[in-house]
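The values are calculated or read from the model by the stated rules, or taken from the named source; none is laboratory data. What you see is a predicted model, and the numbers here were worked out from it, not measured in a lab. Every residue, glycine as well, gets a Cβ built from its backbone with ideal geometry; the counts of neighbours run over all protein chains shown.
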Amino acid sequence: MKKLVIEGGRALHGEVHISGAKNAALPLIAASLLAPGIHILHNVPDLRDTRTILRLLESLGLSWERQGSTLKIDGTGLNCSEASYELVKTMRASVLVLGPLLARLGRAKVSLPGGCAIGARPINFHLMGFEHLGVRCDLEHGYVDARIDGRLQGGTVYFDIPSVTGTENLLMAAALAEGTTIIKNAAREPEIGNLIDMLTGMGAVIEGKHSERLTVHGVEKLTASESTIIPDRIEAGTYAIAVAAAGGDAMIKDCDPGHLPSLLEKLRLAGVGLETGDDWIRITTTARNHVTNVVDVTTMPYPGYPTDLQAQFMALMTCSDGLSVIHETIFENRFMHVPELQRMGADIQIDGRVAMVKGLGGNLLTGAQVMATDLRASSSLVIAGLAAAGRTDISRIYHLERGYENMVDKLTGLGATVWKEDE
């Protein structure tokens, strides 16, 4: 098993290119189950999670090939409706095959998903939505067993809380349902818009893109299509925060600043130098390891501040001069990085879902041996390591590899001293 080693204390300069979005690639790959033929996806990141869902598609009878960042997936051979625990246990997004399998085969048996231990993330929203489309869902022996006789039937679904994967699953299922489906209080993340574009290209009829109310007029069949994965806004935000924490002057390229409204505003409030263009963000700082202003953060559904950038921003606030309050409203267990940051000298107190971060002012975090507990927690430790004095060793970096493509090469390109070695 590998660990990541960082020698902190080097400002970041140059440019970094952002990969395709993991959280967009996974539902678009799953959508290839909806129709036979060759689906072509461009800008697909090569990550542990994308490799996992492709193995899952193979187990269902599909075939695929990769050429660089382009995937060709043949949806013709679908011959199985069961996603086993062995494939699903490492990635919660595996539940995204439920909707397509129900739509095309009328049955899906999918193991309850695994992944990062950041909270319960129940799939009850998915199951409730399917039941409104006429599906019978049973939970037994760790599996969701869902089935319907004939075609799915259009219905009205209301989410108490916007659910990204719930919205995506219902969109894919409703595309082949008989009649009209209305999804109220739908999630509005850019990745959902990316999925809607793919489904529309396959022949789906969907109204309300980027809104809280989605209307899907079901069609009898869909066809294979060609789509491009949007840039990864979480990766872009992670590198922006890294430059702000470590100091320097760097360009983040091949991104979409319009997908990060709340983060960019928080960075401006923190006193970070910030410029944006159509597909780039420039971050500049005047003093390493010290942002001029303290900023509070409350995570919210999009377009609010993303929970997937909460841990990273907390690492940045340890470099401030004052008290920052971070309120996590999305997941109940997303402060597992706090003990690891404390090992590096961070002054953080937890009260339920609220973290109070007392910045170190002109003092530095100190390098230490730390352990990644989930995907985004691991990137916060990388940011802390870049800003710290001395060497930081981060173990269990398989979490990091689930969502960040070529991070070592990208950080090295910015002038960081970072490498992998055996535990």
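For the range 355-423, give me every one of the helices (runs of 4 or more DSSP H) that falls completely inside it and has 1 or more residues that are more than 20 Å from R51 (Cα to Cα), modelled with pLDDT of 95 or more and among the charged types (D, E, K, R).
The helices (runs of 4 or more DSSP H) meeting that bar are 407-413.
With T318, T298 as the choices, which residue is of a type in the set (S, T, Y) and either surrounded by fewer than 19 Cβ atoms within 10 Å (Cβ to Cβ) or under 22 Å from the mean Cα position of the chain (by Cα) (or both)?
The match here is T298.
Taking the range 168-195 as the region of interest, how many residues are under 24 Å from the mean Cα position of the chain (by Cα), part of a strand (DSSP E or B) and either hydroxyl-bearing (S, T, Y) or closer than 25 Å to D232 by Cβ (or both)?
Total satisfying the criteria: 1.
For the range 1-23, which residues satisfy the criterion of being buried (at least 17 other Cβ atoms within 10 Å of the Cβ), of a type outside the set (G, A, S) and assigned to a loop (DSSP other than H, G, I, E, B)?
Within the range 1-23, R10, I18 meet the criteria.
Scan (1) of a type in the set (V, I, T); (2) surrounded by fewer than 23 Cβ atoms within 10 Å (Cβ to Cβ); (3) closer than 21 Å to V16 by Cβ for the single condition V382 breaks and write down its number.
It is condition (2) that V382 fails.
Take L199 and tell me if it is assigned to a strand (DSSP E or B), touching a helix residue (DSSP H, G or I) at 6+ places or on another chain (Cβ under 9 Å) and farther than 30 Å from S379 by Cα.
No: the conditions fail for L199.
Name the one entry in I73, I53, I123, I148 that is within 27 Å of E189 (Cα to Cα), among the hydrophobic types (A, V, I, L, M, F, W, C) and in contact with a Lys or Arg (Cβ under 9 Å, 6 or more places away or on another chain). Reasoning before the result, please.
Values: I73 fails: in contact with a Lys or Arg (Cβ under 9 Å, 6 or more places away or on another chain); I53 fails: in contact with a Lys or Arg (Cβ under 9 Å, 6 or more places away or on another chain); I148 fails: within 27 Å of E189 (Cα to Cα).
Checking each option against the conditions leaves just I123.
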